[in-house]
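One structure is given here, and the rest of the page talks about it.
The values are calculated or read from the model by the stated rules, or taken from the named source; none is laboratory data. Just so it is clear, the structure is predicted and the values come from calculations on it, not from any experiment. So basically every Cβ, Gly included, is an ideal-geometry build from the backbone, and we count neighbours across all protein chains shown.
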Amino acid sequence: MPSPKLITPIEIDRYYHIFNRGNNYEFLFYKDYNYAYFLEKYEKYLSEHVSTFAYCLLPNHFHLLIKTKTDSVSSQFRKLFQSYALSINKQENRTGSLLTKPFRRIVIEDDEYLKWLVFYIHHNPEKHRLIDDFRKYKYSSFQSLIGDFKHFQEQEEVFAWFGGKEGFIDYHKFYHEEKRIQKYIIEK
């Protein structure tokens, strides 16, 4: 039986954790400008169809926290993935599918899980040992959320979930310290 992560229908006005990876765990992003290009394509194909609350792009996979606005979300993701794959295939002189199909999704129905998921998405580069402090990773929404510049995330709504910007920062700091303590205990 297929995993619920693969067959969960995408419905209007619901929160989802969307994630996917490269086929055979291959890279999705080969050069720095690939990350920016993916986000440009994401905004082009999905900004009218979803609200985006958090994202993180890693070399071989990505995570998104979205809320759907239309019933065209699945087809828009397909357009994004096809367009991006064509560009990468040309750049890397490769052929075939770049991403696994279908993309994975989990419907979010709990407010506490929603908040934790924002942290989980932002913490992912540190979890995968790409960087020592996830707050400095440049391909996630953390910096743009706390910075003065806005991308396409719903900054005010995200901060409201945490009781404001300081609550958002404190929540990330708390769970980051918890992860460091757990890692220290396991390594000792």
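At a glance:
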quantity: Check on TYR25, within 13 Å of the chain's Cα centre (by Cα) and of a type in the set (Ser, Thr, Tyr); calculated: no
quantity: The range 107-134 - residue that is among the charged types (D, E, K, R) and closer than 20 Å to PHE19 by Cα and, of those, surrounded by the most Cβ atoms within 10 Å (Cβ to Cβ); calculated: GLU126
quantity: Identity of the residue in the range 62-72, surrounded by fewer than 24 Cβ atoms within 10 Å (Cβ to Cβ) and under 9 Å from the mean Cα position of the chain (by Cα), that ends up nearest to ARG14 (Cα to Cα); calculated: LEU64
quantity: Set TYR45, TYR33, TYR15: member being at pLDDT 95 or above, closer than 13 Å to VAL107 by Cβ and more than 12 Å from the chain's Cα centre (by Cα); calculated: TYR15
quantity: Pairs, first in contact (Cβ under 8 Å) with a residue 40 or more places away in the chain in the range 9-22, second part of a loop (DSSP other than H, G, I, E, B) and among the hydrophobic types (A, V, I, L, M, F, W, C), C-beta under 8 Å, six or more apart; calculated: TYR16/ILE10; ILE18/PHE103; PHE19/PHE103; ASN20/PHE103; ARG21/LEU28; GLY22/LEU28; GLY22/LEU98
quantity: Any hit, the range 144-155, residues being at pLDDT 95 or above and part of a helix (DSSP H, G or I); calculated: no
quantity: Residues within the range 84-112 that are modelled with pLDDT of 95 or more and among the aromatic types (Phe, Trp, Tyr), tallied; calculated: 1
